[in-house]
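The values are calculated or read from the model by the stated rules, or taken from the named source; none is laboratory data. In this text, all values refer to a predicted model and were calculated from it rather than measured experimentally. Glycine gets a Cβ as well: all are built from the backbone with ideal geometry, and neighbour counts include every protein chain shown.
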Amino acid sequence: MDANRRFVLKSLALSSIAGLSMGSSVRALASTTAAPATATAVKPVLALVNPGAAESVFLHGAMAVGSRLQVQRVGRDLGFMLDFERQLRSSQPMRVIGLLDDDSATLVVDIARSAGARVQWLGQHTAEAGFTRHHVLNTDIAEGCSRQLARQLHACGLGFSLNEERQNGTMAPRQLAGSSRRGSRSGQWATSIGYLMASLGTRAATTAPLAPATNRPVTGSFVSFSIEV
């Protein structure tokens, strides 16, 4: 991972606040303890995606949870940003999940932080042919998601490395890895993340559906997130 990609998560968490460490910056984004799972489960879920190969496989996993899922394709125009900020500042409680390119995710997380929303999960994902790299920051409500993601990546045969850091800073970073096996599905990582993000705070099963077969490789650099309003 090059220097620009390596610090995407740190830049997201820092947002416009300079000089904070990664751990403290996530606390600044989260601002307060995440809501109990019972409160999260009844909230509608808004899924933000970019048009492209990752969109369908991410949504395939998110829709399998059966949440009250709404889908919005993200643009970088002023109209989208103003509309998104209005949604965050409305009186309606909701959860926002997504898988976006680095630039779009930076805008979304910065707007969410400014609106006082809580970030439960941030993940930086780099996907190549047969191998994926993941660096995630999460809060207590997302406990166990990294291990669940690692199990699903291993089960589907994807080679991967996964580094996890916790928001509260009381646990040591966790590092997980697995080797690639024949017959793996290139888009399974995105389907698994979509399922994990949509199932936070619910009683959904722990196994994500298989990614849909596609001729378009799901490669590149992406950021996943779960934001509670």
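Here are the numbers for the structure shown:
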item	result
Only one of 95, 73 that is over 19 Å from residue 43 (Cα atoms) and touching a strand residue (DSSP E or B) at 6+ places or on another chain (Cβ under 8 Å)	73
Candidate set: region 112-134, residues that are in a strand (DSSP E or B) and aliphatic (A, V, I, L, M); chosen: the one modelled with the lowest pLDDT	119
Cβ-Cβ under 6 Å pairs, at least 6 apart or on other chains, region 115-133 side acidic (Asp, Glu), far side surrounded by fewer than 24 Cβ atoms within 10 Å (Cβ to Cβ)	128/219
Filtered residue count, region 70-97, keeping only those that are within 16 Å of residue 224 (Cα to Cα) and crowded, with 17+ Cβ neighbours inside 10 Å	4
